[in-house]
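For reference, the structure discussed in these notes is given below.
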Amino acid sequence: MIDLVLYGPGGPQPLGRPATVRVELRNTGDHDLWIAGVLDGSENGLRFPHYRPTVTRAGEGEGVGEGDGGGAGAAGYGTVVASPAPAEDPLVGPLRPADLRRLAPGESWDPTSGPGCLPLMTFAHFIPRRPGRYRYTLTLDTEAARPEDWLGGFGVPVGTARKDLLALVARVPRTRVVAAPVEVDFR
């Protein structure tokens, strides 16, 4: 019922600048869908929804380039070069009713735009220092064990406001969606 789509730039990209990678959420179901965009703490997993971006560099078992991070990746993409930074502070802003958006059937939306939404910093700040092919991936996870895992760390509403907010959170489908990867050549 939810499609998560990444769009990359056309053609090779110059080294020394980030590539513009856009995100789109699409309601492919036959009824309204409630969802939140990228919120404070979503990218580094402190709160739901989780939006988990990763960039890997092509080449099985290749070494890590200067400024390119490190780690193991999928077959054919041996080096993780960018992923969410660890949280500096575990407190995240409160969820507000306006952070949850209704998408009609067939409607699309960029979850990094609009009130309360943040850009995916992993994509926005990744600047490769070595030429090559890089794969951008994104996973959306709304499968919180408890609805309270959406609320944030401070300024959380109480009483009726909390109840109403949790009722909105309950309308979000519990799912894990992985976007088809986008590959970008840097020269």
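Taking the stretch 51-60, which residues are open to solvent by 30 Å² or more (accessible area, probe 1.4 Å) and either under 15 Å from residue 137 (Cα atoms) or in contact with a Phe, Trp or Tyr (Cβ under 6 Å, 6 or more places away or on another chain) (or both)?
Going residue by residue through the stretch 51-60, those that are open to solvent by 30 Å² or more (accessible area, probe 1.4 Å) are 52, 54, 60.
Matches in the stretch 51-60: 52, 54.
How do the pairs read when you match residues in the stretch 41-57 that are at negative phi with residues anywhere that are modelled with pLDDT under 95 and hydroxyl-bearing (Ser, Thr, Tyr), using Cβ under 6 Å and keeping only pairs 6 or more apart or on different chains?
56/77; 57/79
I'd like the full set of residues that are assigned to a helix (DSSP H, G or I) and without any contact (Cβ under 8 Å) to a residue 60 or more places away in the chain, limited to the stretch 159-187.
At the first step, the residues of the stretch 159-187 found to be assigned to a helix (DSSP H, G or I) are 159-170.
Selection gives 159, 160, 161, 162, 163, 166, 167, 170.
Kindly list, by first and then second residue, each pair from a residue in the stretch 131-158 that is over 15 Å from residue 38 (Cα atoms) to a residue that is modelled with pLDDT under 95 and β-branched (Val, Ile, Thr), limited to pairs with Cβ atoms under 7 Å and residues at least 6 apart or on different chains.
Final answer for the pair search is 153/92.
I'm trying to understand the selection: among the residues of the stretch 140-154, which are assigned to a loop (DSSP other than H, G, I, E, B), over 17 Å from residue 2 (Cβ atoms) and touching a Lys or Arg at 6+ places or on another chain (Cβ under 9 Å)?
The initial filter retains those residues of the stretch 140-154 that are assigned to a loop (DSSP other than H, G, I, E, B), namely 142-146, 151-154.
Pick out the ones that are also over 17 Å from residue 2 (Cβ atoms) and you get 145-146, 151-154.
Of everything in the stretch 140-154, those that are assigned to a loop (DSSP other than H, G, I, E, B), over 17 Å from residue 2 (Cβ atoms) and touching a Lys or Arg at 6+ places or on another chain (Cβ under 9 Å) turn out to be 151, 152, 153.
Of the residues that sit in the stretch 155-187 and are closer than 30 Å to residue 129 by Cβ and β-branched (Val, Ile, Thr), which one is surrounded by the most Cβ atoms within 10 Å (Cβ to Cβ)? Let's see the steps before the verdict.
Step one: list which residues in the stretch 155-187 are closer than 30 Å to residue 129 by Cβ, which gives 178-187.
Still in the list and also β-branched (Val, Ile, Thr): 178, 182, 184.
Details: 178: 12, 182: 20, 184: 22.
Only one residue fits best here, namely 184.
Looking only at the stretch 109-139, count every residue that is assigned to a strand (DSSP E or B) and open to solvent by 50 Å² or more (accessible area, probe 1.4 Å) and tell me the total.
Within the stretch 109-139, the first condition is being assigned to a strand (DSSP E or B), and the residues that meet it are 109, 132-139.
Filter again for open to solvent by 50 Å² or more (accessible area, probe 1.4 Å), leaving 133, 135.
The qualifying residues number 2.
The values are calculated or read from the model by the stated rules, or taken from the named source; none is laboratory data. Not measured: the values here are computed from a predicted model. In this analysis, Cβ positions are derived from the backbone assuming ideal geometry, glycine residues included, and neighbour counts consider all displayed protein chains. Note: areas computed on protein heavy atoms with side chains; ligands, DNA, RNA excluded. Shrake-Rupley method; radii C 1.70, N 1.55, O 1.52, S 1.80 Å.
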